[in-house]
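Heads up, the thing below is written out as structure tokens.
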Amino acid sequence: MHGRIALLTALGAGLLLGCGSLALAPDGLPTGTVVLEAYVPAEPATEAPGAVAVVTAVSATPAVGLPAERDTDQAYSTFDQPDDVEGYQVHFVYALPSDGADAFLDIDGQIELSANAMNYWLHNKTGQRLRYDTQDGKLDITFMRLPYTAEDISQEYRSINSLLEHWLKITGQAKENKLYIVYYDGFVVTNEGYCGLAPVPPAGIGQTAVLLLRGYNPTRDLTCPRSFTRSADYTGFFEVTILHELLHMLGVVGECAPNYNGSHVNDHPQDLMYHQYDGTYSPLFMYLDYGNDDYYNHGRPDCPDLARSIFLDPLPEGAELPPRWSDTIRNIPPDPIGGMQ
Ligand SMILES: [Zn+2]
């Protein structure tokens, strides 16, 4: 697609990190391939004036064992707030390491703008939107201060999905009807140019995709500019990245796709789920399943199709859960650092 390098790395023993996270084989034993991804836009997201909405979620009980204090007078939330709507929905999280600078992206409107821009693009393509978790009409964003330093987390960044989902589950926050998109605002020292991470099909399971807001390696960071959209009607680099990762959690791309290539497709370099960057990127020319034969609106009942996702609004006829959802919601991935209380 516009902006992604997919690298496959075999790990001798262990974790399946699909664009990120831990997965267990059906027998409970870890399986072992790592997919690394980096997104590479050839042009920066255009700057446009965007309305800044202030999130006014009510602060709730702090998460177990985690510091929640922050230097702001604005209301924020450290727990999922009462939902506006029922049904399967996507919940957003703003996460910081214990020593990370707070950019207040959950309360300054940036994450809500990003989420809305993501859905703007999807609606243009499909006539549907992802059902977001909102409270009183505003995006319900959870603020998460992790108990580990940026350095601790950076050393285990390939397992950051696992860490975050572990935290969501042991604190009782993970819901069986939700997927989680975490904007992680700590430096990640990576030579691979990761921008977003998620469990990928067919083996990956998980409810958590992570957007890495801060890189470190100056060379590789050129391939991952880490820029937000500034307008709800323009889908920028971060928005494309997280949409790509979210589709992975919906089972896209299935092995049954005719142009399947390692959880991605290989039939058009401007496809949202393309397997390898080709040097061009423009949201104006992005395809959601070029040819409609691999993962969107292909009409085959036996192959994962975004058009039938239960996370869409309006709800599609014959709406389907992501593959292996019962495994996903039961699985508590390990804390890769090992010190979480
Ligand atoms: Zn991917």
Inset, instruction - Within the range 237-277, track down each residue that is within 12 Å of the ligand (Cβ to nearest atom) and acidic (D, E). - result: E245, D271
Inset, instruction - Answer yes or no: is there a residue in the range 329-336 that is assigned to a loop (DSSP other than H, G, I, E, B) and farther than 28 Å from D185 by Cβ. - result: no
Inset, instruction - List the number of the failed condition for Q173; all other conditions in (1) in contact with a Phe, Trp or Tyr (Cβ under 7 Å, 6 or more places away or on another chain); (2) of a type in the set (S, T, N, Q); (3) within 16 Å of the ligand (Cβ to nearest atom) hold. - result: (3)
Legend entry - When residues of the range 240-266 are limited to those that are out of contact with any Pro (no Cβ under 8 Å at 6 or more places or on another chain) and in a helix (DSSP H, G or I), the one farthest from N124 (Cα to Cα): E245
Inset, instruction - Look at Y287 and say whether it is among the aromatic types (F, W, Y) and farther than 22 Å from R129 by Cβ. - result: no
Inset, instruction - Filter the range 71-111 down to residues that are loosely packed, with under 15 Cβ neighbours inside 10 Å and touching a Phe, Trp or Tyr at 6+ places or on another chain (Cβ under 8 Å), then give me how many there are. - result: 2
Inset, instruction - Spot the failing condition for M144; the list is (1) surrounded by fewer than 22 Cβ atoms within 10 Å (Cβ to Cβ); (2) modelled with pLDDT under 95; (3) not β-branched (V, I, T), and only one is missed. - result: (1)
Inset, instruction - Go through the range 283-332 and give me each residue that's surrounded by 15 or more Cβ atoms within 10 Å (Cβ to Cβ) and touching a Cys at 6+ places or on another chain (Cβ under 9 Å). - result: D294, Y295, C303, P304
Legend entry - Matching residues in the range 85-118 - criterion: being β-branched (V, I, T) and in a loop (DSSP other than H, G, I, E, B): V85, I107
Legend entry - Lone unmet requirement of (1) surrounded by fewer than 20 Cβ atoms within 10 Å (Cβ to Cβ); (2) closer than 30 Å to T149 by Cα for H244: (1)
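The values are calculated or read from the model by the stated rules, or taken from the named source; none is laboratory data. Given the structure is predicted, the values throughout are model-derived calculations rather than measurements. All Cβ positions, even for glycine, are placed from backbone atoms using ideal geometry, and neighbour counts span all protein chains on display.
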